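Beneath this line is the structure, given in structure tokens, with notes to follow.
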Amino acid sequence: MPPFVLLDVGRPTEVDVTIDQGDVWIDSASVDSALGWELKPEGFCKDDVCIPVASNPGIVNNGEIRLAALADLLRRPLALSLEERAAYLGPPRALYDQTVETLDAPDFTFPDLDGHPHSLSEHRGSKVLLAVWASW
């Protein structure tokens with residue numbers, strides 16, 4: 001069976017999962033290595049921040065964490081494809097809320113058709129039309 005890939009804001013990590021009735025369960029060691037959140041008795045902890053899980057029944061079961069519930073707990077959007085065995089965790093919603101509040105798009109850099117990189121920040125103060133195409 002192919003590995004399951006968890007993308008944390010674009011950074012891919014292969015993780016051990018169990019798929020049960022459409023729910024993806026990730027072992028706690030994989031959550032720690034992929035996302036940096038360690039499951040402790042007080043909840044999910046990263047650096048000096050701990051988020052309690054006691055008020056979220058069903059998020060942890062036998063050392064595995066339900067991915068959708070974890071994304072909700074961390075206030076991060078989740079895109080999931082069981083067929084492709086991949087999931088994408090977007091940036092925290094607080095960052096999105098700040099962007100919407102200020103109406104400033106986050107900076108990014110992409111190459112043009114000739115391979116020359118261009119950043120959105122080069123065009124601050126100007127109107128920009130961004131056309132995107134994908135093959136899927």
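Brief remarks follow.
- Matching residues in segment 9-64 - criterion: being of a type in the set (S, T, N, Q), under 30 Å from residue 108 (Cβ atoms) and out of contact with any Leu (no Cβ under 6 Å at 6 or more places or on another chain): 30, 33
- Yes/no for residue 7 being in contact with a Phe, Trp or Tyr (Cβ under 9 Å, 6 or more places away or on another chain), closer than 22 Å to residue 93 by Cβ and part of a helix (DSSP H, G or I): no
- Screening segment 81-136 for residues that are in contact with a helix residue (DSSP H, G or I) (Cβ under 7 Å, 6 or more places away or on another chain) and within 30 Å of residue 4 (Cβ to Cβ) and picking the one that is modelled with the lowest pLDDT gives 106.
- Residue match in segment 88-97 (condition: outside any helix (DSSP H, G or I) and in contact with a strand residue (DSSP E or B) (Cβ under 6 Å, 6 or more places away or on another chain)): yes
- Taking segment 21-74 as the region of interest, none of the strands (runs of 3 or more DSSP E) fully inside it holds 1 or more residues being among the hydroxyl-bearing types (Ser, Thr, Tyr) and surrounded by fewer than 16 Cβ atoms within 10 Å (Cβ to Cβ).
- Look at (1) surrounded by 13 or more Cβ atoms within 10 Å (Cβ to Cβ); (2) part of a loop (DSSP other than H, G, I, E, B) and you find that residue 84 fails only one, number (1).
The values are calculated or read from the model by the stated rules, or taken from the named source; none is laboratory data. Quick caveat: nothing in here was measured; it's all calculated off a predicted structure. For neighbour counting, all protein chains shown are included, and Cβ atoms are generated from backbone atoms with ideal geometry for every residue, glycine included.
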